[in-house]
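Step one of this worksheet: look at the structure below.
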Amino acid sequence: MNLFESFKFIKQKMKNIKNIEIYLAIIMLAVIASIFLSTLTPKERIDNTTKTPQDNGDEPMDESLEFNLHKDIETQLTKILSSIKGAGRVSVMVTLETDMELITASDINKSNTITDEDDGQGGKRRITEENISETTVTITENGNTKPIILKKNYPSIKGVVVVAEGAIIPEIKRDLSEAVQTVLGIPANRVKVYVMKD
């Protein structure tokens, strides 16, 4: 049986089915579809009453985030600089120029009221009042409410100090400085390399 004959067979069967059977089949399909679609609803809900932004599940939104970022930069720099031939033991200190800034989602409501007043002596005045209310949008997951974070502005680096055993050799000192400049994308005047004491 080819495709055309199959189509004819199905068309013939459909003509033989009474109207009530078609309606029952449609209702059953709708019930099955609604059950299937209800299992696809998200397990989290957006709470519009306390609106504040979320971190997209990356890290908690507090001072420890910036501290961890700061320590991670120092740890990664120490690791990479220690692997440079001749560097020996390396210690790194990074100072940040700015704090981390989190841009949160906000619900902003604006309303304007204009009032025209006439006093009894022919004077007129117009009062314009503008009210703006802003609330932060939050999301609730597993009973925890978190603000929705739209953007993270990471802190800029103010300077880096590298102390290394191998910095006594000018070429190693230069390599360490250039490595820091390359990794962090900062100019040479923000990097200082010193010889580690014995």
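Does segment 66-105 hold any residues that are in contact with a His (Cβ under 7 Å, 6 or more places away or on another chain) and farther than 16 Å from Ala164 by Cβ, and which are they?
If the condition is that a residue be in contact with a His (Cβ under 7 Å, 6 or more places away or on another chain) and farther than 16 Å from Ala164 by Cβ, then Leu96 is the only one that fits.
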(request) Could you please find all residues in segment 159-170 being in a helix (DSSP H, G or I) and surrounded by 15 or more Cβ atoms within 10 Å (Cβ to Cβ)? (result) Glu165, Gly166, Ala167
(request) Check segment 171-179 and report whether any residue there is free of Cβ contacts under 8 Å to residues at least 60 places away in the same chain, in contact with a helix residue (DSSP H, G or I) (Cβ under 6 Å, 6 or more places away or on another chain) and assigned to a helix (DSSP H, G or I). (result) yes
(request) Of the conditions (1) under 17 Å from Thr75 (Cα atoms); (2) not assigned by TED's automatic domain parsing to the domain that holds His70, Val162 clears all except one; give me its number. (result) (2)
(message) Looking only at residues that are in a helix (DSSP H, G or I) and aliphatic (A, V, I, L, M) in segment 180-192, which one is surrounded by the most Cβ atoms within 10 Å (Cβ to Cβ)?
(response) Val180
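Just checking, how many residues over segment 107-149 are more than 14 Å from the chain's Cα centre (by Cα) and assigned to a strand (DSSP E or B)?
Total meeting the criteria: 29.
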(message) I'd like to verify a number: residues in segment 129-158 that are in contact with a helix residue (DSSP H, G or I) (Cβ under 8 Å, 6 or more places away or on another chain) and surrounded by fewer than 14 Cβ atoms within 10 Å (Cβ to Cβ), how many?
(response) 2
(request) For residues that are in a loop (DSSP other than H, G, I, E, B), touching a strand residue (DSSP E or B) at 6+ places or on another chain (Cβ under 9 Å) and surrounded by 11 or more Cβ atoms within 10 Å (Cβ to Cβ), scanning just segment 53-85, find the one that is modelled with the highest pLDDT. (result) Ile84
(request) Look through segment 100-127, keep the residues that are acidic (Asp, Glu) and surrounded by fewer than 10 Cβ atoms within 10 Å (Cβ to Cβ), and return whichever of them is nearest to Lys146 (Cα to Cα). (result) Asp116
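Among the residues of segment 86-106, write down those that are assigned to a strand (DSSP E or B) and either free of Cβ contacts under 8 Å to residues at least 40 places away in the same chain or among the small types (Gly, Ala, Ser) (or both). Walk me through it before giving the result.
Step one: filter segment 86-106 for residues assigned to a strand (DSSP E or B), giving 90-96, 101-104, 106.
Of everything in segment 86-106, those that are assigned to a strand (DSSP E or B) and either free of Cβ contacts under 8 Å to residues at least 40 places away in the same chain or among the small types (Gly, Ala, Ser) (or both) turn out to be Ser91, Ser106.
The values are calculated or read from the model by the stated rules, or taken from the named source; none is laboratory data. In this text the structure is predicted, and so the values were computed from the model without any measurement. For neighbour counting, all protein chains shown are included, and Cβ atoms are generated from backbone atoms with ideal geometry for every residue, glycine included.
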